[in-house]
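Note sheet for the following structure.
The values are calculated or read from the model by the stated rules, or taken from the named source; none is laboratory data. This is a predicted model, so every value here is computed, not measured. Cβ sites come from the backbone with ideal geometry, for glycine too, and all protein chains shown count toward neighbours. Each accessible area value is taken on the protein alone, full model and side chains, heavy atoms only, with ligands, DNA and RNA left out. Shrake-Rupley method; radii C 1.70, N 1.55, O 1.52, S 1.80 Å.
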Amino acid sequence: MRAVLLSPNDPAWPQLVAGLPADIYYLPGYAIVCARQVQGEPLLFAAWERERLWVLALIVRPVPPALVEGRPLFDAASPYGYSGPLVRAGDGVLESWCARAIGALRAELKERDIVALFARLHPLRPHPLAPLADAGMLVHHGDTVVVDLTRSSEELWRATRSRFRTDIQALCRRGFSASMDQSCARLADFQDLYYQTMKRVGATQEYFLSSDYYATLQENLNGHLHLCSVESDGRLACGGLFTEMDGIVQYHLGGTHDEFLLFSPSKLMFHFVRSWAKERGNAILHIGGGHGGAADNLFHFKRGFSSQTVPFRTWRLVTDVDAYERLNGRWRALGGDDWVERSDDYFPAYRRPLPSP
């Protein structure tokens with residue numbers, strides 16, 4: 001077996017990914033975008049042996065200096081989105097190969113003082129769960145909604161919640177129209193719309209994306225990124241960024257203008273994108289789930305377009321138990337005597353924001 005960590009400018013990265021049923025989350029350009037958001041380093045771990053292959057995209061960040069005593073330490077996370085490990089192996093060796101690759105991953109990360117890894121698993125690119133659970137911890141957060149685009153247009157329409165069908169027809173009568181902007185010409189308008197939406201819902205600071213994020217995303221995902229616009233009298237009422245690769249269309253970001261909330265134009269947007277994606281020969285539209293995977297109002301809304309769901313899980317791996325416990329201990333010391341250990345809802349635990357004084 002050969003196991004390496006590759007940088008985005010290494011030609012082996014796209015070559016390895018090209019040999020797998022990938023998605024945009026595995027492209028070096030996408031990893032670069034995500035790494036810039038968190039001031040991290042994008043890397044691809046790859047292990048291969050003859051026809052077998054195992055890859056995982058990573059964003060490596062330094063552990064906050066206040067927690068570290070001695071040499072610098074790091075941790076890693078998969079790029080934002082559904083970007084867990086991808087695997088290829090011959091019949092009869094899949095789980096054993098995954099276990100060996102995960103062992104090589106652990107050793108490589110520990111060698112580089114990367115003490116912990118948090119990975120969001122791809123719901124549509126399944127990986128054997130047993131090797132992941134044996135090495136670390138699997139957490140099931142909930143389900144995400146998928147639309148089977150191999151079904152007929154008539155079947156997809158019938159599968160739409162009846163109230164949604166009525167609302168979509170009403171939007172069309174009122175003059176709302178949807179279109180797909182493959183050049184993302186209105187990206188600046190969408191950026192303002194998304195900012196307004198995040199402010200309205202009280203999103204945390206990490207969701208207020210910079211102009212550089214949008215520009216780099218458009219540049220690095222050229223040909224894979226599309227902007228759906230829903231307009232009323234030439235005004236952008238609703239918009240969504242969608243990615244497309246290897247038969248999967250993913251809902252990435254979306255927002256609705258305050259003035260048009262009453263009409264719920266996003267219903268027309270998803271209906272349009274569903275038809276657009278199907279016409280282009282894609283097999284699946286992945287709408288996603290609720291906040292953090294919860295079965296909340298957002299999840300219920302998305303279920304209005306399809307009753308088909310798939311589980312969303314994360315994987316947590318500690319590569320250096322002693323270093324990890326020291327960091328948690330340092331966190332507790334900084335958090336004060338009244339700090340209370342909570343459940344495993346945050347990983348790495350020492351990344352949880354410190355309590356206010």
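Brief remarks follow.
- The set of residues in segment 288-321 that are among the hydrophobic types (A, V, I, L, M, F, W, C), closer than 18 Å to residue 270 by Cβ and surrounded by 19 or more Cβ atoms within 10 Å (Cβ to Cβ) comprises 299, 305.
- Residue among 15, 39 that is surrounded by fewer than 16 Cβ atoms within 10 Å (Cβ to Cβ) and under 24 Å from residue 208 (Cβ atoms): 39
- Tally of residues being hydroxyl-bearing (Ser, Thr, Tyr), under 20 Å from the mean Cα position of the chain (by Cα) and within 20 Å of residue 154 (Cα to Cα) across segment 228-286: 0
- Selection from segment 61-82 of residues that are in contact (Cβ under 8 Å) with a residue 40 or more places away in the chain, open to solvent by 10 Å² or more (accessible area, probe 1.4 Å) and either closer than 23 Å to residue 103 by Cβ or of a type in the set (Lys, Arg) (or both): 71, 73, 74, 77
- Where helices (runs of 4 or more DSSP H) sit wholly within segment 137-226, those with at least 1 residues that are open to solvent by 50 Å² or more (accessible area, probe 1.4 Å) and of a type in the set (Phe, Trp, Tyr) occupy 153-158, 187-201.
- Out of 234, 240, 247, one residue alone is surrounded by fewer than 18 Cβ atoms within 10 Å (Cβ to Cβ), without any contact (Cβ under 8 Å) to a residue 60 or more places away in the chain and touching a strand residue (DSSP E or B) at 6+ places or on another chain (Cβ under 8 Å). It is 247.
- When residues of segment 267-285 are limited to those that are open to solvent by 30 Å² or more (accessible area, probe 1.4 Å) and in contact with a Gly (Cβ under 7 Å, 6 or more places away or on another chain), the one farthest from residue 230 (Cα to Cα): 283
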